[in-house]
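Accompanying notes for the structure given below.
The values are calculated or read from the model by the stated rules, or taken from the named source; none is laboratory data. Values in this document were obtained by computation on a predicted structure and should not be read as measured data. Cβ atoms come from the backbone with ideal geometry, glycine included; neighbour counts cover every protein chain shown. Side chains are part of the model used for accessible areas, which takes the heavy atoms of the whole protein and leaves out ligands, DNA and RNA. Shrake-Rupley method; radii C 1.70, N 1.55, O 1.52, S 1.80 Å.
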Amino acid sequence: VRGSKLTRKGAFLDVLAPMGQIRSMQTWLLKKGSEKKFRSGHPWVFSNELAQSPKGIVPGELIELRDFQGNFLARGYGHPNSLISFRTLARNSDSRVDVEFFRDRLLQASRLRKLSGVFEWSHRLCFAEGDYIPGLVIDRFRLENDGQVFVLQSSTAGMDRLLPSVLESLELLVEAESGDWTKTSIVVANDSKSRAMEGIAVEAKRVHRAGEGFDPVRAKLIAEPSLPGLKPVTFEADLIGGQKTGFFLDQRFNIQLTSKSLANLARERKDIRILDLCCYIGQWGSHLSNVVTSLGGRAEVVCVDASVKALELAARNVEAHGGVAKTVKADVLEAMDQFDKKSFDVVICDPPAFIKKKKDLPTGSQAYYKLNREAIRKTTSGGLFVSCSCSGLFTEEDFRSMLARVSASTGETRWIARGGHSPDHPQRPEFPQGTYLKGWIGVVS
């Protein structure tokens, strides 16, 4: 029924069961006393909060949730084998989970990006629960040829079942925004290993739709300049072979904070040496080079990463913005002995998540401490040190404690700014699981 009047007019998506079998939506009840957190806005229900076993449903099947007295609470999708048994899609009993439902959700998300001031640049259009669409991430990349590409990632069985309607809704979104569908591309990036936890296949990335002139392995993405008045920053990225959606958009705010301080430092020193640890395709180095060269200075960026392909792209991206790039292929924890103490004016310490599961906390915490301790020692007196963590299980309190230990072992550092998520990663205070990014900026004494 994809593309037919049936889906566009709002038929429930559980009609898309295998072989056309129509299933009625199942109803689950919460245990008495378990609804308080849910009524306060938390989007998940755990298996021990249900009045019955979640077994027996198809993973990702649509479910109607009610309290222990049978009063309607929400519609969402369930999973029989996951600790998170239910994820909320809508709390209105009249809601139909169909193509128009997703169009409306994405229009709301798009308007939020307009209010946040990021709409005309590459941005995250959908941030899963942050935009009330659990299990779905959509990055919207603006392209150099005036086109755009949506890169989608589904992380749950429920979202996989709904993905055909999400894909269809994107055309309606572009139409509603008076965009050019002929220059719109779509990439599906369902290659995350976390999908295995939901019992769904880890797939190769694929181009679902190719717009005019679209090259997925050499896409030219346009990013917002980190300071007003600077030229936009353009990144060459591989949306098929790259990590996750091909580019990381969550550091926008942290880069902007760093750029403000760097501009003043560059006026003092002119020549700036930057160490970009875990550089990926050179996002930090390119933005900071753009700042330094705009002030007539010289930026040398030493890019460190374990991927040869990422380093090749990083060098090209940095040099496209006036920087001089040098690359080091190495594991970041093993690379630090290669650099002299106090030899960089700016050090960026932005590693991948060292803590992915609770069992990783002891070793991951020690890895953060060791890396930050060694990285801060490479920063010149009066230079900038930027530390970030994207491990959701490593809390802000844990991060602060780690930095305190680092400062105690390396000497005085005055922390001048705290960063976090960019505005295209909206936060929900009732859902702390959606907050993962930490960022602190310090001046080393």
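Here are the numbers for this structure:
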read-out	value
Residues of segment 75-104 satisfying the condition of being in contact with a helix residue (DSSP H, G or I) (Cβ under 7 Å, 6 or more places away or on another chain), among the charged types (D, E, K, R) and under 29 Å from residue 252 (Cα atoms)	87, 103
Every pair of residues 6+ apart whose Cβ atoms lie under 6 Å, when the first sits in segment 121-142 and is over 18 Å from residue 179 (Cα atoms) and among the acidic types (Asp, Glu) while the second is open to solvent by 10 Å² or more (accessible area, probe 1.4 Å) and in a helix (DSSP H, G or I)	129/434
Residues of segment 185-215 classified as over 19 Å from the mean Cα position of the chain (by Cα), free of Cβ contacts under 8 Å to residues at least 40 places away in the same chain and assigned to a helix (DSSP H, G or I), total	1
Any hit, segment 155-162, residues being in contact (Cβ under 8 Å) with a residue 40 or more places away in the chain, part of a loop (DSSP other than H, G, I, E, B), open to solvent by less than 30 Å² (accessible area, probe 1.4 Å) and on the phi > 0 side of the Ramachandran plot	no
All positions within segment 422-436 that are surrounded by 18 or more Cβ atoms within 10 Å (Cβ to Cβ) and touching an Asp or Glu at 6+ places or on another chain (Cβ under 6 Å)	422, 425, 434
The one condition in (1) open to solvent by less than 40 Å² (accessible area, probe 1.4 Å); (2) among the charged types (D, E, K, R); (3) at pLDDT below 95 that residue 140 fails to fulfil	(3)
Yes/no for residue 174 being in contact with a helix residue (DSSP H, G or I) (Cβ under 7 Å, 6 or more places away or on another chain) and either open to solvent by less than 20 Å² (accessible area, probe 1.4 Å) or not aromatic (Phe, Trp, Tyr) (or both)	yes
Verdict on residue 218 being basic (Lys, Arg), surrounded by fewer than 14 Cβ atoms within 10 Å (Cβ to Cβ) and in contact with a strand residue (DSSP E or B) (Cβ under 7 Å, 6 or more places away or on another chain)	yes
Some residue of segment 403-418 being among the acidic types (Asp, Glu) and at pLDDT 95 or above	no
Some residue of segment 312-321 being assigned to a loop (DSSP other than H, G, I, E, B), free of Cβ contacts under 8 Å to residues at least 40 places away in the same chain and open to solvent by 10 Å² or more (accessible area, probe 1.4 Å)	no
Those residues of segment 83-99 which are among the aliphatic types (A, V, I, L, M) and under 19 Å from residue 169 (Cβ atoms), in sequence order	89, 90, 97, 99
Which numbered condition residue 182 fails, given (1) in contact with a Lys or Arg (Cβ under 9 Å, 6 or more places away or on another chain); (2) free of Cβ contacts under 8 Å to residues at least 40 places away in the same chain; (3) outside any loop (DSSP other than H, G, I, E, B)	(1)
Among the residues listed as 173, 167, 152, the single one being assigned to a strand (DSSP E or B) and not polar (S, T, N, Q)	152
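The rows are residues; the columns are (1) among the aliphatic types (A, V, I, L, M); (2) within 25 Å of the chain's Cα centre (by Cα).
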| residue | (1), (2) |
| --- | --- |
| 300 | no, no |
| 318 | yes, yes |
| 336 | yes, no |
| 343 | no, no |
| 346 | yes, yes |
| 359 | no, yes |
| 363 | no, yes |
| 369 | no, yes |
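One line per residue, one yes/no per condition, for (1) open to solvent by 10 Å² or more (accessible area, probe 1.4 Å); (2) modelled with pLDDT of 95 or more; (3) among the small types (Gly, Ala, Ser):
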{"residue": "272", "(1), (2), (3)": "no, yes, no"}
{"residue": "294", "(1), (2), (3)": "yes, yes, yes"}
{"residue": "338", "(1), (2), (3)": "yes, no, no"}
{"residue": "348", "(1), (2), (3)": "no, yes, no"}
